[in-house]
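FYI, it's all coordinate maths here, none of it is from the lab. Being a predicted model, the structure only gives us computed values, none of them experimental. Note: ideal-geometry Cβ built from the backbone for every residue, glycine included; neighbour counts use all protein chains shown.
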Amino acid sequence: MQVLLGTTLSPVLPLLLPCVLLILICKLWTVYNVRSKDPNCKAPLPEGSMGIPFFGETLQLLLFGAEFYQKKYAKYGRVFKTHLLGQPSVRVIGAANVRRVLLGEGDIVQVHYPRTVQSVLGSKSILVATGKEHDRLRKLVSKAFNIHALSEYVPYMQQFMTEAVKSWCDKGQVCAESESKVLIFRVAGKLLCNFDYDEEESRHLSQVFATMVDNMLSLPINIPGSQFNKAIRARNIIRSRVEASLKKKKESENDLPFTDALRIVSEGGHFNTEQLKELALELLFAGHSTTSSTAVMMIHYLAQRPDIVKRVRNELDEFDLLDEEEPLKFEDISKLKYTSSVIKEVFRISPPIGAGFRKVIKTFQLEGKQIPAGWTLLFSIRETHALADNFAEVEKFDPDRFMPERNEEKKGDRFNFIPFGGGSRGCVGKQMAQLMLKILLITLSRNCRWELVNQETPRIELMPCPHPIGGLPVRISRLDCNANRIDFKKVNEAGDVAC
Ligand code: HEM
């Protein structure tokens, strides 16, 4: 019998052995990770899988993006374990769970970014600072985003937005994704760091910036051609530009007509050049991809909803703000409830940041499962929004849900709507981001109409920030001039176009 088995198995043995070995190594890997749970806590670890040695489930995440998390949620529920970017991790979904995490900063969790993100941004940035140093930096940085500072930014925002929208209309057809990136880079660069880059330079730098952001969340392998290496090289280019700009600023210190965010922050505390470079990089990082993603998603949704654009125009008319020559003021913009609801609805349905990172510093429990000290925790913003029970027809794009008559936002747990996070690490730039987006929406609605070039609505890629696949080609023209409008039929006969 033994001889018989031996003869039948002998051709497959060379294949079988590595498979058995691989399964064994994976089992040992899981045991090794599970052993890092807290022995003093009786609760079991959340369900989930730790993937394969070293890589964990990182490759699946890189391959499937946000779909990876959706599948895990469908299989394991609102709290599950995994192994990502070299760390045993737990992903947490739902308002009650996220509330516990965001209000537990410094007690059960502490802000934490993957090693690759920390290396790119630097060790002293506000994003990674903790305790008293974080409080100090946050206080200083918040000054750059108070009402007084924001009011000063408004004319510059309006000027850049008007110029950009005018040039889009002159072209007649643009790629909304790349144009939004360039525009937000120009506005953010000017207001945060007083960069004076023309359109071409902004275009180049916004591409370099995108390379940095797109490759930041990667395995910590710094060899030529690796994702992490690409992020570092892009970071170095941006840093050298920041340095040159700081030097130029220092030389013309007294001639500057307005106070940029970096100057407001540096006047309040003692910063050396190295720290200022880090701060500039992190403010651009925190504000650029997030705001430009919301801008392109807004253009995408509204291209399909002229009725909503019409209501924005009606509201502008009601407050005598429809005239494109009318300079905007902070207090006038604050009165526009419908305009504000449209922006909020874009944030709700397509939050630019899908999740935030924390390190667990004290073992605690969620839904009866142990969340062990030392592990990474990811609190989900995207899935938390998708599961919120206070929003009716959660998948529908419906700005009215935020209007005073319905006010769905206030009807449930406030952690059901968290595009800007919350607690002591909530976004310091949220007012500035909202202001930029409102001014863009006002400028677009005042001056032009736009529609998707392709008949088929594009699919949305959710990572690193939501963006329509194909770059969102849109046909755009001034309301009073149809000269540049392209014949819809002609474009579609030629087939769908991408940017
Ligand atoms: C659509 C735009 C934006 C979105 C959706 C957004 C979202 C967020 C979120 C979710 C956090 C919290 C992360 C966490 O808890 O781990 C955060 C933090 C932060 N954001 Fe924003 N942000 C936006 C724009 C901006 C802008 C324009 C700036 C500044 C120029 C900015 C600066 C920051 C900073 C400095 C932090 C860290 C705060 C801290 O750790 O104390 N953000 N942002």
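Projected label points at ALA74 and ARG313, each 7 Å from Cα along the beta carbon direction, are separated by 4.2 nanometres.
Computing FRET efficiency as 1/(1 + (r/R0)^6) for GLU324 and SER226, where r is the C-beta to C-beta distance and R0 is 56 Å, gives about 0.70. Name the residues of segment 92-127 whose amide N is less than 15 Å from a point 7 angstrom out from the Cα of THR273 along the C-beta direction? From segment 92-127, the list is empty.
When GluC sites (Glu not before Pro) are flagged only if DSSP places them in a loop and at most 12 other Cβ atoms lie within 10 Å, the longest unflagged stretch of the chain comes out as 1-324. Each 10 Å bin from 0 upward holds the following percent of the Cα-Cα pairs of segment 54-205: 8, 23, 26, 28, 14, 0.
Please report, to two decimal places, log10 I(q)/I(0) for segment 142-248 at q = 0.21, 0.22 Å⁻¹ as given by the Debye formula with identical point scatterers on the Cα atoms and no solvent. With one equal scatterer per Cα and no solvent, log10 I(q)/I(0) is -1.13, -1.17. Overall, the ratio between the Cα radius of gyration of segment 347-459 and 2.2 N^0.38 Å, rounded to two decimals, is 1.35.
Can you compute the label reach from ASP135? Point 7 Å from Cα along the Cβ direction, backbone N cut-off under 18 Å, restricted to segment 415-455. Residues 423-426 qualify, since their backbone N sits under 18 Å from the label point. Extents of segment 317-411, taken as max minus min of Cα coordinates on every principal axis and listed largest first, are 57, 28, 18 Å. One chain, two ends: GLU199 and CYS41. Fully extended at 0.36 nm per residue, the span grows by 51.2 nm beyond their Cα-Cα distance. Straight-line reach from LYS411: taking Cα to Cα under 27 Å and skipping same-chain neighbours fewer than 8 places apart, the lysines in range are LYS335, LYS337, LYS344, LYS396, LYS430, LYS438.
With 10 Å bins beginning at zero, the pair-distance distribution over Cα atoms of the chain amounts to 4, 17, 27, 25, 16, 6, 3, 1, 0, 0 %. To the nearest ten degrees, helix 147-171 and the longest principal axis of the Cα atoms of the chain are 90 degrees apart.
Computed extension length for PHE258-SER167: 30.2 nm, one decimal, from 0.36 nm per residue of separation with the Cα-Cα distance subtracted.
Other residues lying with their Cβ under 13 Å from the Cβ of ASN215 contribute a combined charge of +2, Lys and Arg counting +1, Asp and Glu -1.
How much length is gained if the chain between GLN304 and GLU405 is pulled fully straight, taking 0.36 nm per residue apart and subtracting their Cα-Cα distance, in nm to one decimal? Could you put the intermediate results ahead of the total?
On the way: separation 101, 0.36 × 101 = 36.36 nm, distance 2.45 nm.
Once the chain is fully extended between GLN304 and GLU405, it gains 33.9 nm.
Here, segment 40-87 has an Rg and a Dmax of 11.5, 37 Å when only alpha carbons are counted. Only Cα pairs under 8 Å and at least 6 apart count here; give the relative contact order of the chain as a rounded whole percent. 23 percent. Between ASP332 and VAL20, what's the calculated FRET efficiency when r is the beta-carbon distance and R0 is 56 Å? Round to 0.05. Computed FRET efficiency for ASP332 and VAL20: 0.20. For segment 187-277, dividing the convex hull volume of the Cα atoms by the residue count gives 115 Å³ per residue.
Could you work out Rg/(2.2 N^0.38 Å) for segment 78-162, with Rg from alpha carbons only?
On the way: Rg = 17.7 Å, N = 85, 2.2 N^0.38 = 11.9 Å.
Ratio of Rg to 2.2 N^0.38 Å for segment 78-162: 1.49.
Report the FRET efficiency, 1/(1 + (r/R0)^6), for ILE460 and LYS124, where r is their Cβ-Cβ distance and R0 is 45 Å, rounded to 0.05.
0.80
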